[in-house]
Structure formats: C-alpha cells, structure tokens
Amino acid sequence: MPIIQVNNLSKTYLQHTFWGKVKKQFTAVQDISFQIKKGEFVGFLGPNGAGKTTTLKMLSGILYPSSGEAKVLGYTPWERKIEFKRRISMVMGQKSQLWWELPPIDTFELYQTMYQIKPKKYKDQLDKLVNLLNVTDCLHTPVRQLSLGQRMKCELIAALLYEPEVLFLDEPTIGLDYQSQKNMRAFLKQYNEETQATILLTSHYMDDIKELCPRIIVINHGQIIYDGSYKALEDKVQQEREIHIDFEIAVKKKKWNTYGKVIAQNDLHIELLVAQNKVAKTIAEITQQYACTDIKIIDKEAGEIISQLLA
C-alpha cells in the first residue's frame, strides 16, 4: 500500500468582490494523481506558481482541496487528526517554525511536550540530530542571531524530533551557501537511508534533485507533465552530447562536421555536438587517428533538462 496516494486532486482559489460575489478564479492544482511508496525520496519540480507548495499544503492538511482525494499514511490529511499530525512533518524554507526571540532549545522542549516524546527518546534524538548537523553551539542562541544556515538546520531538528514517517520539504536549502547546501543534502540522504522516512522535496537547486531524488514529479500550470526517474528523463532529453578533445600536436583544418556540429575549434582543440548513439564511435575514430591529451563528454545541466521539458 502506498504511503501517499493522490487521486484527481484539485485546488481552485476564488477572488471575491467587496460584495461577496466571485470576481475570478484561479486553478493552482488541476486533477493530479500519483503514488509514493515507503522510503521513497521524490523531487517535486516546476516553475514558480506551478502548484508545488499548494500540493504540499494539501498533503500536510494545511489546505482543503476543491476536489479529489488524498491519503497519507492511510489518513485524509485535511481532517487533521492528532494521530496523523504526529506522523508527518513539513519544513518550509521561507517560513520559520522556531520562536524568533528564543533560542532553538526552547522550541525543541516545547515540541517534546506537544508530541509527548519520552525524556530518554527526546534526549537521544536531539543529541543525534545536533551532532549530525553540527549545531551544538547554536542551541542557546536566540534564533534572530543565527545565520540562515544555522537556522535551517534547527528547523530540520524541530521537524524531526518526533521521528515523522513522512517529511514534506519545501525549498529547505533556499538562500544557503554552497557548503551549507552540500551539508544539508548529505544529512537528508543519510536520514532517509537510516529511517526509511518518505520524503517529498521541492527545490530550485537542481543539485538537490540530482543527488537526493531518484524519482521526480514535474508539475506545470497545476498539471503533472512527468513522473519517473531523473535518469530516464535525462536519457530522453539528452539526445546529443558535447565532446571536447585536446590534441597533443597541432591538427590542421579538417572536416570535423562529418562527426557532428562544430561548436569551437583550433589546431589543438575541437568541440563537437554529437548524437548520443554516436559518441563512442566518434571518440574511437578520432583517437585512432590523432594523439589526444584530454577528452571530455559534457552533459546538459539538470536545470537545462527540466527547462527543456517545460518548454
């Protein structure tokens, strides 16, 4: 049985006049369906306004849908049953759940009481998360004095203290520097592997998706346009590859366009755009004829692949 089951889910927002009449309506999510199994780490992608956050809010029970059905851990999310809320968590990169004027430890202790976490389990889980995320020095500092990276790590701790089985992450690495993003990804990957938590992640940083999410769901204008592995999408879109070759000695002008489209060239270097199924043959033929010092196969960036899908 899937951990998350979505059937024909839709959300329409109505804009009213001062007198209460409907002025216009906007459909944020339109008739989407998908399933997610236990332990899956799924990327949920799309441009701004595509319906990603709205979907996550419905699945976490924050919003009621206009139509359709959803089950998370067997519960209907918007019924907001206590048993359901104890088993899921949501982290929004642009919205804090920590008390701004208080140190993070105060929020953690509040959550211990709210979720009725036994003292030993609370201490063990807190120590584990604090050590993994390396935020020992931050626990007693007011949140307003923490860096963005430190705050996001503490947001994650608050979300994971009670060991939720389903985790919704909405832009958790937004605004973080490169090293903080890298550390956050390493933590999330380890947490997913150790706990088998089911995670649905939205992110505009494609490194997050490539490193964490074997499967992606792409949504645009409120509708799902792709649901499958990132590798399959890459293979589908990546019909051509760039080949960069450096020569040991100068190679005078040659008709390189017999191999593919010439991007750039000089006597010691050639860059070609070659059909994917001809890459190996092209490299073999060139290296048999000329002494080469370096060969690179350049893939499209992940963001470029998603942009091509949305085009």
Residue within the stretch 98-107 that is touching a Cys at 6+ places or on another chain (Cβ under 7 Å), part of a loop (DSSP other than H, G, I, E, B) and surrounded by 14 or more Cβ atoms within 10 Å (Cβ to Cβ) present: yes
Tally of residues being part of a helix (DSSP H, G or I), within 24 Å of Val6 (Cβ to Cβ) and either of a type outside the set (A, V, I, L, M, F, W, C) or open to solvent by 70 Å² or more (accessible area, probe 1.4 Å) (or both) across the stretch 202-217: 1
Any hit, the stretch 241-252, residues being open to solvent by 70 Å² or more (accessible area, probe 1.4 Å), part of a loop (DSSP other than H, G, I, E, B), touching a residue at least 40 places away in the same chain (Cβ under 8 Å) and not small (Gly, Ala, Ser): yes
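Among the residues of the stretch 51-91, write down those that are part of a strand (DSSP E or B) and open to solvent by 40 Å² or more (accessible area, probe 1.4 Å).
Step one: list which residues in the stretch 51-91 are part of a strand (DSSP E or B), which gives 67-72, 75, 88-91.
Residues satisfying the conditions are Ser67, Glu69, Lys71, Tyr75.
Output yes when any residue across the stretch 36-47 is open to solvent by 40 Å² or more (accessible area, probe 1.4 Å) and in a strand (DSSP E or B), and no when none is. Before the answer, list the steps.
Taking the stretch 36-47 first, the residues open to solvent by 40 Å² or more (accessible area, probe 1.4 Å) are 37-38, 40, 47.
Retained after the next criterion (residues that are in a strand (DSSP E or B)): none.
No, the conditions are met nowhere in the stretch 36-47.
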Checklist (1) open to solvent by less than 10 Å² (accessible area, probe 1.4 Å); (2) part of a helix (DSSP H, G or I); (3) modelled with pLDDT under 90 applied to Thr173, failing item: (2)
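If a residue must be in contact with a Ser or Thr (Cβ under 6 Å, 6 or more places away or on another chain) and either modelled with pLDDT under 90 or among the polar types (S, T, N, Q) (or both), how many such residues does the stretch 219-265 contain?
Here is the first cut: in the stretch 219-265, the residues in contact with a Ser or Thr (Cβ under 6 Å, 6 or more places away or on another chain) are 222, 246, 248, 259.
Pick out the ones that are also either modelled with pLDDT under 90 or among the polar types (S, T, N, Q) (or both) and you get 259.
Final tally of qualifying residues: 1.
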In the stretch 146-170, the residues that are modelled with pLDDT of 95 or more and either of a type in the set (Lys, Arg) or surrounded by fewer than 20 Cβ atoms within 10 Å (Cβ to Cβ) (or both): Glu165
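The values are calculated or read from the model by the stated rules, or taken from the named source; none is laboratory data. Keep in mind that what you see is a predicted model, and the values were worked out from it rather than measured. When we count neighbours, we look across all protein chains shown, and the Cβ atoms used for this are built from the backbone with ideal geometry, even at glycine. For the accessible areas, the whole protein counts, side chains as well, though only heavy atoms, and no ligand, DNA or RNA atoms are used. Shrake-Rupley method; radii C 1.70, N 1.55, O 1.52, S 1.80 Å.
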